[in-house]
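In what follows, a structure is listed as structure tokens, so that the remarks can point back to it.
The values are calculated or read from the model by the stated rules, or taken from the named source; none is laboratory data. Quantities reported herein were computed from a predicted structural model and do not represent experimental measurements. Ideal geometry is used to build each Cβ from the backbone, glycine not excepted, and the neighbour counts take in all protein chains shown. Accessible surface areas use protein heavy atoms only, side chains included; no ligands, DNA or RNA. Shrake-Rupley method; radii C 1.70, N 1.55, O 1.52, S 1.80 Å.
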Amino acid sequence: MSSKPLNCIIRKPVTLKIGEPRTDFHSGAAVIEVAMPNIKSVDLGEITFKNSYTAYLTIKVRCNFKSAETTSKYGDNKWKTILQRYPLMPNPHCEPGSQDYFTINRNMMCSEANKVAAVRFLLQQPSPVWNHFTIDEINLYEHKLEAPSPVSLPYWLLHNDEEDEELVEKNKELHIEGAPPVDNISAGLQQLWALSESVRANQTAASLGRYDIDGCYEINLLSYT
Amino acid sequence: MSAHDQSEHLSVLIAHIVKELRGTVLHSQLKRAAQIQAARPNVHLSDLKREVHNALTETGWERKLRNAVYKHMALYPKIEHPLSSQDHSKEPLAYIRKAQANWEKRILKSLNSMCTELSVPLARKRPIQEQKDLKMKWNELGTDEPDLSAFRPVYAPKDFLDVLVTIKNPNCANSQESNAVLHNWGLIQLPFKVKNMKELKEQYWELSMTEVQTGVEDASDIIPDTTETDRMKLGKKVLQQCHSPVAQQFAKKGCPPHQRGEMWAQILDVVSTDNDKLYYEQLKSYVFQHDLLVDSLIYKDVKLTSTNDDNYFVFEDYLYQVLLVFSRDTQVLRHFANSSATPAKSYIRGKLGIEEYAVIYPPNGVIPFHGFAMFAAPLNYIHCDPIKLYFIFRELYMRYFFRLHNISSHPQGIVALCVLFESLLQTHQPQLFYHLREVGAQPLKIAFKWIMRAFSGFLASDQLLQLWDRILAYNSLEILPVLAMAVFAFRRANLMEVSTVQAAEAVLADLTTLKVIPILQVAVFSSTR
């Protein structure tokens, strides 16, 4: 999830109503449409968001298959469900889960979110306890297949043998009078380096317990910031 | 959580615990013990690892390591979502964060105004002569009678309750009276999730009437001696195991009084080593060096509460030795990772606003309130050594008591405990609750001070210690509101007769005759719902 989120336009949640548009009916369901303007189709990897009192979440996607690839007679306009009624709040009447952060990844989706052109979030909050419910800070991430990183081969495997001999002769000329052979020096230095690294790795983060600064703890008033 | 997430979580947890343990004395002790084992003559190089491992298990070191890991897991803050900010991981609900921030600001203002009124600095270095005097008087600080009349406690339980009652969820449809959805008769109108009686029965099943309990069977006339000896025999075996989870399980049915100290030390994994003694002496030297305003508040609190209590006035000197040292212990700052609170900050005189000179006040980040000393007072019955007493008190505070004076949505925070009390009382004693409401005596107004002080100072000391056995054993403060409800249920007959607030308070003024475990058993296990 280190990649940047996809560029998308997230519309305001639309509360679903029944009957006349002007009747005051709280259905407890809302829809958030997410359009991706510059992207024709993308494979979804992860979706992250912050909950705000939504109890159940359903996610539908519209896939952009070429007409030859689909077997369904509905063609391009079919909305596929990738997450069915996922509980965000274990008890819709109570606080736990109401303001938490969530991540939906591919393992949790019930079908493949490939070649996605648009996403719809269906929010449900059946409890009458809450005034408003929505989800915030929605971010979509693309699914990238892990390409195997190129393994770095050791120098001697890649190196040509002929060139090696020339280098060895050059090294012999660099011998300084009175000093021990270069290999011994480098071996000694390596040991020193290994020792210092092991000491550095073992440093404890335990505090000393001092609360004063240089022995001084003269305080007049507490700070409000 | 999927299996992949769980294994990831586990490896993060293990890495964190290893890092924590590296900084402790146990790490170097284990290394030394392993070296000794490896140097034995009959150990071969080929299976060195296995031999040392087995030897450490046999000599008891593996058990000590297990206890340390168990302790760290109890204190480990829960894994947070990568996107959640630090504020969010301390407290996920925005309106609760705001309430806690306002409450902290109020405390700071109160402390600052006390400073300016009395012209006393928050902290100053003691002159050498004063340091010497204090060192001489260390074991009898109770004889000191400084003039503390000008000091007043920063806040009392009543003030805290007034703040809690005003907390409202802005998104909750309860805000307008006409739209009220939550039908709570009580003071706290928040939609927190609390356990119902069925879930409490499952959680506390070892407390049921069919199980033998210390505090019930050994107090009765029928078979006191055999129960006591049986429990003590079992307790001795448990103590020999030196294993925290085993001790915790034993404590669920109560600890025999003579074994309580050792049992609590094992449950909390408080091992008194020489390093701990040195650390205590270091903190003591800090007490001599600097004089804090908080010290005067502690003095005043001890004089007002513990010295007036028949059970605890003899321990006055020990209380000073524990509480003054507690204020200077920076290890206590670690618990703020689990708390919704933030410690108060200040700057060295003359260096206002410069971050390098920012310090935390008091050094442990905890500002005491009226009744704070009562958290430490009952522990004097368990240990006579002030050093071990101190470490047990510190561990108890960092695991449980800090939740009783901070505003948080945690299921064991004081707000959730109040909601639990009111919901239990309304469900199981509706007639009583309604009658008290009609009279004008809201039950929470009476019960709040019991819950906030964990009943310390209200119950007889032996009963209180049995209650605290269960807090440690079940690792939960939820027993406090359950007991509060049980007390109301027990005195129901008298309460139904009252017609004024004062009469209701008078019925519940004296709890010292109550036997805690039997009334808990009746309240929880004989309810039909």
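Shielding of peptide A:97-104 by partners, expressed as the average count of other chain Cβ atoms within 10 Å per residue Cβ, is 5.
Give me the percent relative contact order of region B:316-411, please, defined on Cα pairs under 8 angstrom at least 6 residues apart.
Relative contact order, region B:316-411: 37 percent.
About its Cα centre, region B:449-529 has a charge dipole of approximately 140 debye under the convention of +1 per Lys or Arg Cβ and -1 per Asp or Glu Cβ, with nothing else charged. Note that the protein assembly as shown presents 52 Å² accessible area per residue, ligands and nucleic acids not counted, probe 1.4 Å.
Each of B:Met496, A:Gly45, B:Gln249 was scored by the projection of its Cα onto the charge dipole of the protein assembly as shown, and the greatest displacement toward the positive side belongs to B:Met496; charges sit on the C-beta of Lys, Arg, Asp and Glu.
Rounded to the nearest 20, the Cβ-based charge dipole of the protein assembly as shown about its Cα centre (Lys and Arg +1, Asp and Glu -1) stands at 2100 debye. Return the inverse of the average 1/r over all pairs of distinct C-alpha atoms in region B:77-215, which is the Kirkwood hydrodynamic radius, in Å to one decimal. Hydrodynamic radius (Kirkwood, Cα only) of region B:77-215 equals 21.2 Å.
The label-point distance for B:Glu505 and B:Leu304, in a model that sets each label 7 Å from Cα toward Cβ, rounds to 1.6 nm. If you roll a 1.4 Å probe over the protein assembly as shown with all protein chains in place, what percent of the accessible area is carbon or sulfur? The C+S portion of the solvent-accessible surface of the protein assembly as shown is 55 percent. Taking all protein chains together, B:Arg32, B:Arg63 sort by accessible area into B:Arg32, B:Arg63, largest first [probe 1.4 Å].
Beyond 35 Å, what share of the Cα-Cα pairs of the protein assembly as shown is found? Please give it as a whole percent.
Details: 168891 of 283881 pairs.
That fraction is 59 percent.
Candidate cross-link partners of A:Lys60 among the lysines, defined by an alpha-carbon separation under 26 Å and a same-chain spacing of 8 or more, comprise A:Lys4, A:Lys12, A:Lys17, A:Lys40, A:Lys50, A:Lys73, A:Lys78, A:Lys80, A:Lys115, A:Lys144. With a cut-off of 11 Å between beta carbons, the residues surrounding B:Leu161 carry a summed charge of +1, where Lys and Arg count +1 and Asp and Glu -1.
The mean sequence distance of close C-alpha pairs (under 8 Å, at least 6 residues apart), as a share of the length of chain B, puts its relative contact order at 19 percent.
Of B:Lys64/B:Lys237; B:Lys109/B:Lys158; B:Lys64/B:Lys90; B:Lys158/B:Lys300; B:Lys201/B:Lys252; B:Lys198/B:Lys253, which ones are farther than 22 Å apart at the Cα? Intermediate results must be reported in sequence, preceding the final value.
Numbers: B:Lys64/B:Lys237 17 Å; B:Lys109/B:Lys158 18 Å; B:Lys64/B:Lys90 31 Å; B:Lys158/B:Lys300 18 Å; B:Lys201/B:Lys252 14 Å; B:Lys198/B:Lys253 20 Å.
Too far apart for the 22 Å limit: B:Lys64/B:Lys90.
Here B:Thr59 and B:Ile14 are evaluated by their C-beta separation; at R0 = 25 Å the FRET efficiency comes out at 0.55.
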